[in-house]
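Report on the structure given below.
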């Protein structure tokens, strides 16, 4: 909680889509948990369906969503308050190691394909782009659109934000954006990633990457690595949730078959790794 407040406090003057914050309280005696106060924003959050106010504006939303990410990745992070938010040197190595360690701690059964994916991620680290602010969970339901559909009103959920390789953000976003292009099976084993953007009107994966590359001038020749890393992280997150169910830390029946979804994501990672050979 305190870290998200720190991120927003530093970022808002440079990126107005980050809501302003006013106060942080780390004393749980006040309301039962630490909390912070921030400004209220009004707009539309897109999850499973297009809100009526935004119907027919998929292309505008696509462009606004991408352009907001471009603005985030264009901020000068050498400014002292922003530079203090992370240590970009070795960012990708830490990502791979950290998420691999999380996998080992949450593993409930052997998945040889996951071992192969981890090895590939460790051995195939690409050169890093110049560091930027990285949201680390940039997706449609973490942004609030204006009712016009042509601008992002607010970006939410900054608790994982740091300084690092901007392509890490792009790769993770693609995991949610372009699912249909990955030929997901019909048995539901990979039914974890929304397919809203696979419907007519939205930018395709290639259009997404073209717009981002055109507006940033960044080399995207290693984007597949970052996309695989993003899918890998999603698999680990779901495995952590399934682990809690498996050991009895939660009885929520929604999590009973998350292991199937994990297996589907791991299989997808392995397939994409195979295409890089």
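Which three numbers, in whole Å and largest first, are the semi-axes of the equivalent ellipsoid of segment 1-109 derived from its Cα gyration tensor as √(5λ)? Provide the component values of the computation, followed by the final result.
Numbers: eigenvalues 148, 107, 83 Å².
Output for segment 1-109: semi-axes of 27, 23, 20 Å.
Take each of the peptides 23-34, 202-213, average the number of other beta-carbon atoms within 10 Å over its residues, and list them starting from the highest. Walk me through the numbers before you get to the answer.
Details: 23-34: 11.0, 202-213: 17.5.
Going from most to least packed, we get 202-213, 23-34.
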For a quick protection proxy, order the peptides 82-95, 5-18 by their average other-Cβ count within 10 Å, most packed first.
5-18, 82-95
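For segment 73-129, what is the convex hull (Cα atoms) projected area averaged across all directions, in square nanometres? Walk me through the numbers before you get to the answer.
Working: hull surface 21.0 nm².
Result: a mean projected hull area of 5.3 nm².
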Report, in deg cm²/dmol and to the nearest 500, the calculated mean residue ellipticity at 222 nm for the chain, where each DSSP H run with n ≥ 4 adds -39500 (n - 2.57) and the sum is divided by the residue count.
-14500 deg cm²/dmol
Would you mind pulling out the separation of the Cα centroids of segment 104-163 and segment 214-263, in Å?
9 Å
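Cα convex hull of the chain: how many Å³ per residue?
Details: hull volume 41.5 nm³, N = 277.
Dividing the Cα hull volume of the chain by its residues yields 150 Å³.
Determine, for each peptide in 108-121, 222-235, 59-72, 36-49, the mean count of other beta carbons within 10 angstrom over its residues, then list the peptides with the highest first. If you can, show how the numbers build up before the last one.
Working: 108-121: 16.0, 222-235: 22.1, 59-72: 19.9, 36-49: 13.5.
Top to bottom by mean Cβ count within 10 Å: 222-235, 59-72, 108-121, 36-49.
In cubic angstrom, how much convex hull volume per residue do the alpha carbon atoms of segment 115-180 span?
On the way: hull volume 8.6 nm³, N = 66.
Here the figure is 130 Å³ per residue.
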Hey, rough spin-label estimate for residue 249 and residue 55, points 7 angstrom out along Cα→Cβ, what's it come to in nanometres?
4.3 nm
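Taken together, the values in this text are just the output of simple stated rules run on the coordinates, not laboratory data. A quick note: this is a predicted structure, and the numbers were derived from the prediction, not measured. Neighbour counts are summed over all protein chains in view; Cβ atoms, including those assigned to glycine, are modelled from backbone coordinates with ideal geometry.
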